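Report on one structure; see the data block that follows.
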Amino acid sequence: MSFQPVKFYQTGTFTVGNRLLPPEERSVQSSDKRFNSINSGHRACQGCGEALGARYAIDAAMEATNGQVIAANATGCLEVFSTPYPETSWQIPWIHSLFGNTAAVATGIAAALKVKGQTQTRVVAQGGDGGTTDIGFGCLSGMFERNDDVLYICYDNGGYMNTGVQRSSATPSAARTSTTPAVGSAPGNVFGQGKFLPAIALAHDIPYVATATVADLRDLEAKVRRAMEIRGARYIHILVPCPLGWGTAAHDTIRMARLAKETGTFPVFEAEYGEIKSVLAIRHPLPVEDYLKPQKRYAHLFGKQPKVDVIAHLQAQADRNIKRYGLLEQGTR
Amino acid sequence: MDKPFAITLDPGSSLANLTGSWRTLRPEYVDRLPPCNAACPAGENIQGWLFHAESGNYEKAWRSLVENNPMPAIMGRVCYHPCEGACNREQVDSAVGINSVERFLGDEANKHGWQFAPAAPPTGRRVLVVGSGPAGLSAAYHLTRMGHQAVIYEAGPLAGGMLRFGIPKYRLPREVLDAEIKRLTDFGVEIQLQTKVTNVLEAMKDGFDAVFLGVGAHIAKRAYIPAGDACKVLDAVAVLRDMEGESAPLLGRKVVVYGGGNTALDVARTAKRLGAEEAIIVYRRTREKMPAHHFEVEEALQEGISIKWLTTIKEAGMSEDGGDIMVEKMALDDKGFPQPTGEFERIEANSVVLALGQDADLSLLDNVPGLVVNKGMIEIDAGMMTGHPGVFAGGDMAGNERTVTVAVGHGKLAARAIDSWLRGETWVPPPRHELATFERMNPWYYSDAPKTMRPVLDIIRRQSTFDEVLGGLDETNALFEARRCMSCGNCFECDNCYGVCPDNAVIKLGPGKRFKFNLDYCKGCGICATECPCGAIKMVPEGN
């Protein structure tokens, strides 16, 4: 567990704020003085998880560094909806890179700051799963391997959503996208392909790797804060549900992220130098159906004849996560 | 303006883009009626006072509580807390211990000597209150708050009515009762003891503009039981009343109580404490049909009271010294009514106490025109007024549900109606909010926190002394218990809506001022409504 949870204060640390907590123990997002790094008026869809996740993460980084953050941003939803030239929603120094070279651009900024002696200014690189796990993967792996002083944040919504919901290497098995249609004998995305980038980041033995979701704000903020205490290459992978691509109701964005975590589909953990330090335990274990059913991208599994074998396969993936990361046991290891 | 190479437009902020125009559903903050408040017969704003208790401001919590009920220390002991039965938290782990927090607040007030806030300026109107039981005390308190002069005529030697002469000490210690009555008299409620009203219209001639009747129901119902001359058959009301006198009633070693209500249990438990070796309750139906509250039956059984279900008394005074009774076994028929079986049993007994319910003494109303009495109960309208203008009634004499809490509620309601009536208006109950049902909430956000159990007096002392059975909470666990409240249906400023909006379209107005929506940017996604823990946000369709 990356932060000290508070129990019995009515809602404890589950809600964004809590009037019963002393102000210094409240979240960044509960403050009326939060940075709002990404401002109103952006063109993200209704209920966008990525817009929310980006504000959670960058506001926390701004708070941790006293407002000294420069961000490099890969092409993708986040860039498109926030900055249609000449307008921008960003209220921080921000640069748009190519789709695939954000990690390299951020490395360059960090190097330049070092040369100028401005090491108090920190660099964040951010992008979606397409720009991170597919197109930008080489640059990212290089950044890890060189241990450049950059925090890379990946907002994972499981596909190329702004270009029309194409499959990425982070698209989960069996999910329908426009390039993995729900037709044929094995509908949806294939099993056994793609990659779970946090595990690859771990294999680089970099100082800090963490996963988070938009459903656990306190955990996410604590991880960004921890990342900003460390120098060197750091990676945070945030699950951000996409109402458009997943086929979920706009109001269910946080609920979907919560279900992903509670079913074990998306493991939430924290690691330093290749060793897992803590996990955010499952609070009320649930079967994967509870997570799959509300999503239209899995609708083909639940027709008149439910594809029980596919669902069982997805359940097995979740069970493996639960076992591998110890998701039923709270705490530090 | 000269622009750099390849730049054609001025830089701008996305704030120029009013995304509120995308919206088809609009979020609105609402207040819903919490189920505890809806269930409270005294009309307390339970969630309202728990809100202050949660932050540790017990005095403010107490002040909020006494706006509706002037006797929290009493209520925290004798109320059957229907609020807890309705509590939504029951569906998360267990209901909030509202009753124990209420008692804690009442005890804090007595400990610190908190007094009521000053009453409204005097109106010069005088109201007679007949009876100083819970209904009368409540009515007099609320009338005094409104600036009217309330005078209570009490027939008995001490104030409190059934609180004193009906409820045993082990449930309500008398110093608690005295403290809360004293606070009322200090506040300006005048109580004239030993003043029996025999004719209400006559009594009103002492310069009163209206009257509230709360005389209770003190006459024990009888059942015909053939009995020998020497037989000792008593009634429950008299036994409990005598407990307040100089000498305790003599019940003997073996006591049989006939009846299945709370009073029957009170008498049996009292008998046990007076030294009876055996206290047996005889009841003609089953435990499920018993009108007594479940926890009281449970407590009685723990104390060694035995209960004979499906049994009636056929004859009393069978032995030469007037003791022993003959009982008959009963069986339930198809319709659930007990029928005799012809199977008899003789039980050793020194006395028999009848606890078969009570009637009100309505003789003071004999000559009042317009008044309607139906099945021994006085008929009243929605504003607690009887058929005779200016004569109001409440408590046990005017309702089927005879509890202290109902009586307190009657008193408050009547006070409001009397206030309107004195101004020549008719009291209309204020409209109620929509109920805050569990389905409208998001229980994920509430910490896992089971109910705090109150300490219970050990069994030996419960069988031999009149010490209070149920203990109170101390400061830390009272605070914990208060904080288990989920604030169903009303914003408690958890900042969730403010935090979860992807469009920063919620404006935080500061402590105590809640939030407002910035409709220029709200896209109407509804995440705020889904993630509001207490269900205080509603999505409504936009007009054209």
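Just how much of B:W421 is accessible, in Å², when a 1.4 Å probe is used and the result is rounded to the nearest 10?
90 Å²
On a full-extension model of 0.36 nm per residue, what is the gain between B:A382 and B:D458, subtracting their alpha-carbon distance, rounded to one decimal in nm?
22.8 nm
I want the antiparallel fraction of DSSP beta bridges within the stretch B:222-355, as a percent rounded to 5.
45 percent
Would you kindly work out the equivalent ellipsoid of chain B from its C-alpha gyration tensor and give its semi-axes, the square roots of five times the eigenvalues, largest first in whole Å?
Square roots of five times the eigenvalues give 53, 29, 21 Å.
For B:K335, which lysines qualify as cross-link partners when the Cα separation must be under 19 Å and same-chain residues fewer than eight apart are set aside?
Partners found: B:K289.
Report the convex hull volume per residue for the stretch A:32-332, counting only C-alpha atoms, in Å³.
124 Å³
Nearest 10 degrees, 0 to 90: what angle lies between the long axis of helix B:174-187 and the longest principal axis of chain B (Cα atoms)?
60 degrees
Across all directions of projection, what mean area in square nanometres is found for the Cα convex hull of the stretch B:340-468?
17.8 nm²
Translational diffusion coefficient of the stretch A:5-139 at 37 °C, 0.692 mPa s, Stokes-Einstein with Kirkwood Rh over Cα pairs, in µm²/s as a whole number.
202 µm²/s
Accessible area lost on pairing A with B, both sides, 1.4 Å probe, Å² to nearest 100?
In total, chains A and B hide about 4400 Å² from solvent.
When the Debye formula is applied to the Cα atoms of the protein assembly as shown, each taken as the same point scatterer, what base-10 log of I(q)/I(0) results at q = 0.05, 0.07 Å⁻¹?
-0.42, -0.71
Would you please state which residues of the stretch A:279-298 a label at A:D319 would reach in this model, taking the label point 7 Å out along Cα→Cβ and a backbone N cut-off of under 16 Å?
Answer for the stretch A:279-298: A:285-290.
Run the reach check for A:K323 against lysines, Cα to Cα strictly under 29 Å, same-chain hits fewer than 8 apart removed. What comes back?
A:K7, A:K195, A:K223, A:K261, A:K277, A:K293, A:K296, A:K307
Subtract the Cα-Cα distance of B:H433 and B:D10 from 0.36 nm times their separation in residues, and report this length gain in nm to one decimal.
147.2 nm
If you place +1 on the Cβ of every Lys and Arg, -1 on the Cβ of every Asp and Glu, and leave all else neutral, what size is the dipole of the protein assembly as shown about its Cα centre, to the nearest 20 Debye?
Here the protein assembly as shown has a charge dipole of around 2060 debye.
Rg to Rh for the stretch B:38-109: what is it, with Cα atoms only and Rh by Kirkwood?
0.94
Calculate one ³J(HN,Hα) per residue across the stretch B:294-303 by plugging θ = phi - 60° into the Karplus curve 6.51 cos²θ - 1.76 cosθ + 1.60, and present them in order as whole Hz with x for glycine and proline.
3, 5, 6, 4, 4, 4, 5, 4, 4, 7
Which percent of the Cα-Cα distances in the stretch A:199-333 go past 24 Å?
More than 24 Å apart: 33 percent of the Cα pairs in the stretch A:199-333.
Angle, helix A:49-64 long axis vs. longest principal axis of chain A, Cα atoms, 0 to 90°, nearest 10?
Relative to chain A, helix A:49-64 is tipped by roughly 30 degrees.
Calculate, in whole percent, how much of the Cα-Cα pair population of the stretch A:79-175 lies beyond 25 Å.
Roughly 24 percent, once rounded to a whole number.
Can you tell me, using C-alpha contacts under 8 Å and at least 6 residues apart, the relative contact order of chain B as a whole percent?
Computed over chain B, the figure is 22 percent.
Mind grabbing the accessible area of B:C488 for me, 1.4 Å probe, Å², rounded to tens?
For B:C488, solvent-accessible area is about 10 Å².
When DSSP beta bridges are limited to those with both residues in chain B, what percentage is antiparallel, rounded to the nearest 5?
About 45 percent, rounded to the nearest 5.
Take the solvent-accessible surface of the protein heavy atoms, probe 1.4 Å, and return the percent of it on the protein assembly as shown that carbon and sulfur atoms account for.
The C+S portion of the solvent-accessible surface of the protein assembly as shown is 53 percent.
Just to verify a number: FRET efficiency for B:N400 and A:H284, C-beta to C-beta distance, R0 = 45 Å, to 0.05?
0.55
Give me the Kirkwood hydrodynamic radius of the stretch B:222-355, using the inverse of the mean 1/r over all pairs of distinct Cα atoms, in Å to one decimal.
Kirkwood hydrodynamic radius for the stretch B:222-355: 14.9 Å.
What is the spin-label model distance, in nm, from B:Y224 to B:L250 if the labels are put 7 Å beyond Cα along the C-beta direction?
About 3.1 nm, to one decimal.
Can you show me the helix-derived [θ] at 222 nm for the protein assembly as shown, built from DSSP H runs with n ≥ 4 at -39,500 (n - 2.57) apiece and divided by the number of residues, rounded to the nearest 500.
That calculation yields -8500 deg cm²/dmol at 222 nm.
How large is the charge dipole for the stretch A:32-332, taken about the Cα centre, if only the Cβ atoms of Lys, Arg (+1) and Asp, Glu (-1) carry charge, to the nearest 20 debye?
300 debye
In nm, give the distance between the simple-model label positions of A:V190 and A:K304, each being 7 Å from the Cα along the Cα-to-Cβ direction.
Inter-label distance under the simple model: 3.1 nm.
Could you name the lysines whose alpha carbon sits less than 19 Å from that of A:K33, not counting residues in the same chain fewer than 8 places away?
Partners found: B:K508, B:K513, B:K516.
Hey, can you grab everything whose amide H is under 5 Å from the amide H of B:A227? Only 5+ residues off in sequence or another chain; H modelled, so Pro and N-termini drop out.
B:A316
Heavy-atom accessible area per residue, chain B, 1.4 Å probe: how many Å²?
42 Å²
Points 7 angstrom from Cα along the Cβ direction at A:K293 and B:E28: gap in nanometres?
Spacing of the two 7 Å Cα→Cβ label points: 3.1 nm.
Restricting to Cα atoms and excluding each atom paired with itself, what does the Kirkwood estimate give for the stretch A:24-99 in Å?
Over the stretch A:24-99, the inverse of the mean reciprocal pair distance is 12.9 Å.
Would you mind getting me the FRET efficiency between A:K7 and B:L332? Use the beta-carbon distance for r and R0 = 56 Å, nearest 0.05.
0.70
Mind checking the angle between helix A:137-146 and chain A's longest principal axis? C-alpha axes, 0 to 90 degrees, to the nearest 10.
Helix A:137-146 sits at roughly 50 degrees to that axis.
The values are calculated or read from the model by the stated rules, or taken from the named source; none is laboratory data. Keep in mind the model is a prediction, meaning the values are calculated, not measured. We place every Cβ from the backbone using ideal geometry, glycine too, and count neighbours over all the protein chains shown. Ligands, DNA and RNA are excluded from the accessible area calculation, which covers all protein heavy atoms including side chains. Shrake-Rupley method; radii C 1.70, N 1.55, O 1.52, S 1.80 Å.
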